[in-house]
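Trainee: Let me give you the structure first, and then I'll get to my questions.
The values are calculated or read from the model by the stated rules, or taken from the named source; none is laboratory data. Note that the coordinates shown come from a computational prediction; the quantities given were computed from them, not determined experimentally. Every residue, glycine among them, receives a Cβ derived from its backbone with ideal geometry; neighbour counts consider all protein chains shown. Note: accessible area is taken over every heavy atom of the protein model, side chains too, but ligands, DNA and RNA are not part of it. Shrake-Rupley method; radii C 1.70, N 1.55, O 1.52, S 1.80 Å.
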Protein chains: 2
Amino acid sequence: MSAQRLADVGEFGFLSHLLPQLSASDPCVRIGVGDDAAVVDVDAPLVLTTDALVAGTHFQPGWLSPYQIGRRAYLVNASDIAAMGARPRWCLVSLGAPHDTAERDLLRLMLGVRDAAAEHDATVIGGNVTLSPVLFVSLTLLGTAAAQPIARSGGNVGDRLYVSGELGGAATAVRALLAGTPIGARSRARRAYAEPPARVQLGARLAASGVVSAMIDISDGLLQDLEHICDLSRVGARLDIDNVPVFAPGSRRPSAAAIEQALRGGEDYELLFTVPPAKASRVEQIGSEVGCRLTQIGILTQEHGIVAADGRRLGAAGAAGGYDHYRRGRSRRRAPGRELGKDGRHGS
Amino acid sequence: MSAQRLADVGEFGFLSHLLPQLSASDPCVRIGVGDDAAVVDVDAPLVLTTDALVAGTHFQPGWLSPYQIGRRAYLVNASDIAAMGARPRWCLVSLGAPHDTAERDLLRLMLGVRDAAAEHDATVIGGNVTLSPVLFVSLTLLGTAAAQPIARSGGNVGDRLYVSGELGGAATAVRALLAGTPIGARSRARRAYAEPPARVQLGARLAASGVVSAMIDISDGLLQDLEHICDLSRVGARLDIDNVPVFAPGSRRPSAAAIEQALRGGEDYELLFTVPPAKASRVEQIGSEVGCRLTQIGILTQEHGIVAADGRRLGAAGAAGGYDHYRRGRSRRRAPGRELGKDGRHGS
């Protein structure tokens with residue numbers, strides 16, 4: 001493909017190249033891309049989320065290929081759908097791009113969305129492309145829930161706290177990228193950042209099993225997102241920091257910095273969930289079934305706030321701060337945007 | 001409200017001020033703002049669209065108040081839902097804003113969305129706010145269709161062509177704003193730009209009546225959008241230019257410039273639809289019922305392309321060009337983004 005700019009081919013030209021790539025056969029889609037709006041038949045409760053990636057905010061030049069930007073825009077949304085115990089089905093992509101964007105890059109970005117969605121049997125059913133001084137991808141993802149969707153508010157005192165995977169890898173990569181420290185494109189940390197896990201299979205399995213009382217995906221950092229569960233469930237938590245699965249490749253014991261990234265780094269897109277004690281024995285088996293490490297890291301308590309096993313209070317803000325990229329005095333790097341209403345508190 | 005910046009209050013602060021304003025009682029909304037994703041029960045075919053407004057592309061400083069930006073972001077999407085004959089129900093708002101944005105302005109923008117949606121009994125059920133070098137509002141709107149959704153592709157040779165309202169007002173306002181010509185904030189042209197009509201009631205009534213074979217909303221200009229219907233319906237059209245309802249306040253006869261804006265200006269957000277001849281007699285009554293001027297402006301023909309009554313060929317591009325703000329040599333002012341797949345042709 002030639003390195004034509006959007007200014008050369010125009011939006012209609014771009015769309016004529018893109019649309020043949022987006023055909024998908026989903027019997028529920030009555031009208032897909034190509035009309036004023038898409039039309040789908042919905043056969044279950046609909047679960048909806050939207051999140052945007054913005055150049056200069058969520059990534060810097062060279063951090064992600066266009067294809068990876070598309071994949072990541074999809075995956076961070078899929079993680080939200082997973083956190084409800086639902087399955088992604090359809091997405092709409094709102095693109096903004098400068099007029100000198102290479103058409104090839106924008107096509108690759110969209111193919112990244114398409115391919116990541118296809119891995120979950122989800123399809124692109126609509127979208128929009130507009131001129132913008134800065135590249136952005138705002139993606140809306142719709143899923144359906146086979147089981148009762150899992151809210152953040154269902155946790156109870158005594159429930160065990162679990163987390164999937166390992167935490168801190170993505171934040172470690174971002175820290176290195178920001179500092180200019182060499183970090184291989186295929187390193188585990190870099191992949192943790194570029195390719196969020198989006199635990200769709202796990203989320204759906206947990207919801208179907210009926211063992212989970214509350215669930216959230218970790219985008220803002222473990223402590224911050226645990227606070228969200230605690231606030232909405234009106235409980236506190238005791239966190240066994242020694243049990244937190246810290247991303248620390250090659251190390252026998254994770255460094256203090258690695259632990260800090262696991263607690264407050266964010267962008268992990270792992271699932272954090274709570275399980276009534278009588279059902280905790282079933283969690284391990286579910287982890288085996290879906291091939292995902294699940295670790296018990298604490299318990300919900302009556303006392304407000306989050307404390308460590310030794311009684312020390314753990315604030316989400318801490319020294320490094322949770323994710324709130326608007327707050328002064330924080331590094332205003334990337335950090336996925338905040339879901340409207342994910343949080344009703346004042347700045348952390 | 002104080003003139004706090006987002007950098008002062010943070011995202012969580014902003015959300016704590018915003019969310020109490022967004023509560024809405026819709027029995028279909030199981031989980032609204034406040035969790036990983038929203039959950040709704042859908043009782044009919046779902047109709048989905050997304051469109052973005054970007055500062056510097058769709059509006060310049062001083063053109064729209066923050067409240068109007070929010071209203072307009074909603075209304076341009078509602079127009080797409082109307083063009084399917086569906087009714088808006090739920091929206092998700094993805095906001096990008098510079099860190100020095102006044103919190104007050106962002107709240108007003110969201111209240112503009114909320115209030116415009118409320119006029120259609122639609123509600124904000126989710127969203128996202130993220131740091132961005134430039135302000136953007138990307139809105140996804142979901143509607144439900146009581147009747148069969150009306151596609152662009154259903155037109156047949158002999159069908160009469162109708163348009164709602166008047167055309168060219170919004171483009172006239174934008175032209176004046178770009179030229180720095182004084183134009184009152186309350187002038188009809190300015191209001192046509194700031195407050196797109198979004199013919200929801202008309203669209204739903206037309207769909208329910210069963211008289212419409214194809215429908216589109218005019219965002220790119222009458223000729224351009226007529227071309228979309230023609231291309232997808234595999235027909236041509238004869239357009240009676242003398243019958244086109246041209247926005248020309250105070251004039252007995254519209255000027256050539258006013259006619260040009262009506263044909264190619266765009267941003268009208270009126271409905272363009274086709275009606276089989278046997279059903280054309282019912283259109284007038286529907287217009288009376290919903291209080292909307294409906295004008296017959298042509299007929300679908302077998303010959304490819306669009307011609308005037310005198311046989312002259314009418315290209316959508318013309319001298320001024322249809323809307324494709326990426327194409328070189330066009331004024332790259334605003335122009336709502338192109339819906340992915342609204343068009344499969346090469347640049348006009």
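Trainee: Name the residues of the range A:60-93 whose amide N is less than 13 Å from a point 7 angstrom out from the Cα of A:E119 along the C-beta direction?
Mentor: Hits in the range A:60-93 for A:E119 at 13 Å: A:68-79.
Trainee: Separation between the B:L178 and A:A278 pseudo-spin-labels, each 7 Å from Cα along Cα→Cβ, expressed in nm?
Mentor: Modelled inter-label distance: 6.9 nm.
Trainee: Once neighbouring chains are kept in place and the probe is 1.4 Å, which whole percent of the accessible area of the range A:134-234 is contributed by carbon and sulfur?
Mentor: Within the range A:134-234, the accessible surface is 48 percent carbon and sulfur.
Trainee: Determine the shape class of the range B:222-326: with a ≥ b ≥ c the square roots of the Cα gyration tensor eigenvalues, call it rounded for a/c under 1.5, and otherwise prolate if a/b is greater than b/c, oblate otherwise.
Mentor: Verdict is oblate for the range B:222-326.
Trainee: Another one. When the helices in chain A are scored as -39500 (n - 2.57) per DSSP H run of 4 or longer and the sum is shared across all residues, what 222 nm value do you end up with, to the nearest 500 deg cm²/dmol?
Mentor: Helix-only estimate at 222 nm: -9500 deg cm²/dmol.
Trainee: If you don't mind, there's one more thing I want to ask. Output the residues of the range B:11-30 meeting this criterion: accessible area (heavy atoms, 1.4 Å probe) in the chain alone minus accessible area with all protein chains in place is 30 Å² or greater.
Mentor: Those are B:E11, B:F12, B:L15, B:S16, B:L19, B:R30, which lose 30 Å² or more relative to the chain on its own.
Trainee: Mind checking A:135-147 for the average number of partner chain beta-carbons within 10 Å of each residue's beta-carbon?
Mentor: 5
Trainee: How many partner chain Cβ atoms sit within 10 Å of a residue's Cβ in peptide B:92-98, on average, as a whole number?
Mentor: That works out to 6 on average.
Trainee: Let me check against my output: what whole-number percent is the relative contact order of chain B, with C-alpha pairs under 8 Å and at least 6 apart?
Mentor: 21 percent
Trainee: Pull out a ≥ b ≥ c, the square roots of the eigenvalues of the alpha-carbon gyration tensor of the range B:109-251, then state rounded if a/c is under 1.5, prolate if not and a/b is larger than b/c, and oblate in the remaining case.
Mentor: oblate
Trainee: Let me ask another. Suppose R0 equals 35 Å; then what is the FRET efficiency for A:D100 and B:A257 from their Cβ-Cβ distance, rounded to the nearest 0.05?
Mentor: It comes out at approximately 0.65.
Trainee: Out of all DSSP beta bridges with both ends in the protein assembly as shown, state the antiparallel percent to the nearest 5.
Mentor: Roughly 75 percent of the beta bridges in the protein assembly as shown run antiparallel, per DSSP.
Trainee: Between 0 and 90 degrees, rounded to the nearest ten: what's the tilt of helix B:169-179 against the longest Cα principal axis of chain B?
Mentor: Once rounded, the angle reads 70 degrees.
Trainee: Between the helical axis of B:222-233 and the dominant principal axis of chain B, each derived from Cα atoms, what acute angle in degrees is found, rounded to the nearest 10?
Mentor: Long axis of B:222-233 versus the principal axis of chain B: about 80 degrees.
Trainee: Another question, if that's okay. Taking every DSSP beta bridge with both residues inside chain A, roughly what % is antiparallel (nearest 5)?
Mentor: 75 percent
Trainee: Let me ask you something else. Show me A:12-20, A:199-207 ranked by packing, highest mean number of other Cβ atoms within 10 Å first.
Mentor: With the highest mean Cβ count within 10 Å placed first, the list reads A:199-207, A:12-20.
Trainee: What total accessible surface area, summed over both chains, is buried at the interface between chains B and A, computed with a 1.4 Å probe and given in Å² to the nearest 100?
Mentor: 7500 Å²
Trainee: Enter the Cα centre distance for the pair the range B:5-24 and the range A:1-62, rounded to the nearest angstrom.
Mentor: The range B:5-24 and the range A:1-62 have Cα centres separated by 30 Å.
Trainee: Mind giving me the FRET efficiency for B:Q296 and B:D41? R0 is 41 Å, r the Cβ-Cβ distance, nearest 0.05 is fine.
Mentor: Computed FRET efficiency for B:Q296 and B:D41 comes out at 0.50.
Trainee: Tell me the angle of helix A:66-83 to the major Cα principal axis of chain A, expressed in degrees between 0 and 90 and rounded to the nearest ten.
Mentor: Value to nearest ten degrees: 40.
Trainee: Follow-up. Could you please state, rounded to a whole Å, how far the C-alpha centre of the range A:169-228 is from the C-alpha centre of the range B:107-163?
Mentor: Rounded to whole Å, the Cα centres lie 32 Å apart.
Trainee: Using a probe of 1.4 angstrom, how much of the accessible area of the range A:1-85 is carbon and sulfur, in percent?
Mentor: The nonpolar share, carbon plus sulfur, comes to 52 percent.
Trainee: Let me ask you something else. Sort B:178-187, B:90-99, B:75-84, B:226-235 by the packing proxy (mean of other Cβ within 10 Å over each peptide's residues), most packed first.
Mentor: Per-residue mean Cβ counts within 10 Å order the peptides as B:75-84, B:90-99, B:226-235, B:178-187.
Trainee: Something else about it: Which FRET efficiency, nearest 0.05, do A:R188 and A:Q285 yield, Cβ-Cβ r, R0 22 Å?
Mentor: Efficiency, from the Cβ-Cβ distance: 0.25.
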